[in-house]
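J.: Let me begin by handing over the structure; questions about it come next.
The values are calculated or read from the model by the stated rules, or taken from the named source; none is laboratory data. Keep in mind that what you see is a predicted model, and the values were worked out from it rather than measured. Neighbour counts run over all protein chains shown; Cβ positions are idealised from the backbone, glycine included. Side chains are part of the model used for accessible areas, which takes the heavy atoms of the whole protein and leaves out ligands, DNA and RNA. Shrake-Rupley method; radii C 1.70, N 1.55, O 1.52, S 1.80 Å.
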Amino acid sequence: MVTLREVLKQAEMEGVAIGHFNVSDLITLKAVFESASDQNVPVIVGVSEGERQLLGVRQIAAMVKSLREQYDFPVFLNADHTHSLASAMEAAKAGFDWIVFDVSTLPLEENIRQTRTAVETLKAIRPEILVEGEIGDIGSGSEIHDAARDLRKGLTTPAEAKQFVEETRIDTLAPAVGNMHGMLKSMVAGSTKKRLDIERIRTIKEQTRVFMTLHGASGTDDGDLRRAIAAGITVVHINTEVRVAWRRGLDSALSTQPNEIVPYKILPQVIDSVKGLVAARLALFSSGRRHARLASEEFFSRNREF
Ligand code: G3H
Ligand code: ZN
């Protein structure tokens, strides 16, 4: 089976990005997996510390492993936004492929010190594991926010990124390049979009030559996402859009079947809703193919009313 590092290398060479989608339940996992296998593209499943607490660290690892093995399909598992070494070690021991070690709220020197220790410790547990470090401020919370943050002060500089990558020896870097976690109501409605600093992405990539992840991608302008991938982004993280699709699917299932109590008659609508979102995003990330662009645009024009 291909490794995550090989998948990222291949994506980088082809100028495409791998989709990373957060899950909180088996329904969303199924939707993400089915969308990726429909398009035959590798996919990364992400679980934050909160999502892991709900699902169980070893339990989500076992579920993803079972999908990978039964279908011989490149589906990988990431311990997203892990704020302590103990929690990162637990995920590495459970067999996760990737750890986002996030102590980005600390001053740079302390962030470097802790991230370097995490890289050494996690690779001693599982040599093939990838470790991501994060610098800059992209906020927290894959939720619907009332007010926009001022992102300008927390942007990652190319010089800091170079120092951070060289001194920590991370495999992937999460920079702050105009992205932010979560969506404003206007973004859910489709009337505003996040915009990215494409030149900053290009320069950071030139300076670091490391794989780069775009966090907080929900609600980002499609053209900016395409340009960001062309400029050096290799993985794109989506969570809030998944949660919106999950909620919309559930609302619709409950309102169209008010007396239904059988979960396996209610939940397929949730799977379909999440699958539609994931399919649209994967199509956008994986290539400039015309039918892929149409799938994405059609999905978002249909779903503006939430
Ligand atoms: O790590 C998760 C992502 O960065 C999600 O960000 O909720 O804005 O899509 P998002
Ligand atoms: Zn994130």
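J.: So, in the range 138-169, of the ones that are touching a Ser or Thr at 6+ places or on another chain (Cβ under 7 Å) and without any contact (Cβ under 8 Å) to a residue 60 or more places away in the chain, which residue ends up farthest from ligand 1 (Cβ to nearest atom)?
T.: My answer is Lys162.
J.: Tell me yes or no: at least one residue of the range 208-222 is within 24 Å of Ser273 (Cα to Cα), part of a helix (DSSP H, G or I) and more than 13 Å from ligand 1 (Cβ to nearest atom). If you could, list the steps in order and put the result at the bottom.
T.: As a first pass, look at the range 208-222 and keep what is within 24 Å of Ser273 (Cα to Cα): 214-222.
Among the residues that remain, those that are also part of a helix (DSSP H, G or I) are: 222.
After this cut, where a residue has to be more than 13 Å from ligand 1 (Cβ to nearest atom) as well, the list is 222.
Scanning the range 208-222, I find at least one residue that is within 24 Å of Ser273 (Cα to Cα), part of a helix (DSSP H, G or I) and more than 13 Å from ligand 1 (Cβ to nearest atom), so the answer is yes.
Let's see how each residue does on (1) within 17 Å of Val23 (Cα to Cα); (2) open to solvent by 40 Å² or more (accessible area, probe 1.4 Å); (3) of a type in the set (Ser, Thr, Tyr):
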{"position": "Ala231", "(1), (2), (3)": "no, no, no"}
{"position": "Val236", "(1), (2), (3)": "yes, no, no"}
{"position": "Val242", "(1), (2), (3)": "yes, no, no"}
{"position": "Arg247", "(1), (2), (3)": "yes, yes, no"}
{"position": "Leu254", "(1), (2), (3)": "no, yes, no"}
{"position": "Asn259", "(1), (2), (3)": "no, yes, no"}
{"position": "Ile266", "(1), (2), (3)": "no, no, no"}
{"position": "Lys275", "(1), (2), (3)": "yes, yes, no"}
{"position": "Arg281", "(1), (2), (3)": "yes, no, no"}
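J.: Considering each of Arg116, Arg200 in turn, give the residue that is farther than 30 Å from Glu90 by Cβ, away from ligand 2 (no atom under 16 Å from the Cβ) and either open to solvent by less than 40 Å² (accessible area, probe 1.4 Å) or not in a loop (DSSP other than H, G, I, E, B) (or both). Walk me through it before giving the result.
T.: Numbers: Arg116 fails: farther than 30 Å from Glu90 by Cβ.
Of the residues listed, the single one that is farther than 30 Å from Glu90 by Cβ, away from ligand 2 (no atom under 16 Å from the Cβ) and either open to solvent by less than 40 Å² (accessible area, probe 1.4 Å) or not in a loop (DSSP other than H, G, I, E, B) (or both) is Arg200.
J.: I would also like to ask the following. All but one of (1) surrounded by fewer than 16 Cβ atoms within 10 Å (Cβ to Cβ); (2) more than 13 Å from ligand 1 (Cβ to nearest atom); (3) under 14 Å from His237 (Cβ atoms) hold for Arg195; state the number of the condition that does not hold.
T.: (3)
J.: Of the numbered conditions (1) within 13 Å of ligand 2 (Cβ to nearest atom); (2) among the β-branched types (Val, Ile, Thr); (3) assigned to a helix (DSSP H, G or I); (4) within 22 Å of Val131 (Cβ to Cβ), Val236 fails exactly one; give the number of that condition.
T.: Every condition holds for Val236 apart from (3).
J.: A follow-up question, please. Would you say Gly219 is more than 18 Å from the chain's Cα centre (by Cα) and either closer than 24 Å to Val32 by Cβ or within 15 Å of ligand 2 (Cβ to nearest atom) (or both)? Lay out the reasoning, then the answer.
T.: Working: more than 18 Å from the chain's Cα centre (by Cα): no; either closer than 24 Å to Val32 by Cβ or within 15 Å of ligand 2 (Cβ to nearest atom) (or both): yes.
It is false that Gly219 is more than 18 Å from the chain's Cα centre (by Cα) and either closer than 24 Å to Val32 by Cβ or within 15 Å of ligand 2 (Cβ to nearest atom) (or both).
J.: Does Arg195 count as more than 18 Å from Pro158 (Cβ to Cβ) and away from ligand 2 (no atom under 16 Å from the Cβ)? Write out each step before concluding.
T.: Values: more than 18 Å from Pro158 (Cβ to Cβ): yes; away from ligand 2 (no atom under 16 Å from the Cβ): yes.
Here the answer is yes, as Arg195 does meet what is asked.
J.: Among what's in the range 119-165 and is in a loop (DSSP other than H, G, I, E, B) and aliphatic (A, V, I, L, M), pick the residue that is nearest to Phe76 (Cα to Cα).
T.: Per the criteria, the residue is Ile129.
J.: For the range 164-192, which residues satisfy the criterion of being open to solvent by 40 Å² or more (accessible area, probe 1.4 Å) and not small (Gly, Ala, Ser)?
T.: Glu166, Glu167, Arg169, Lys185, Thr192
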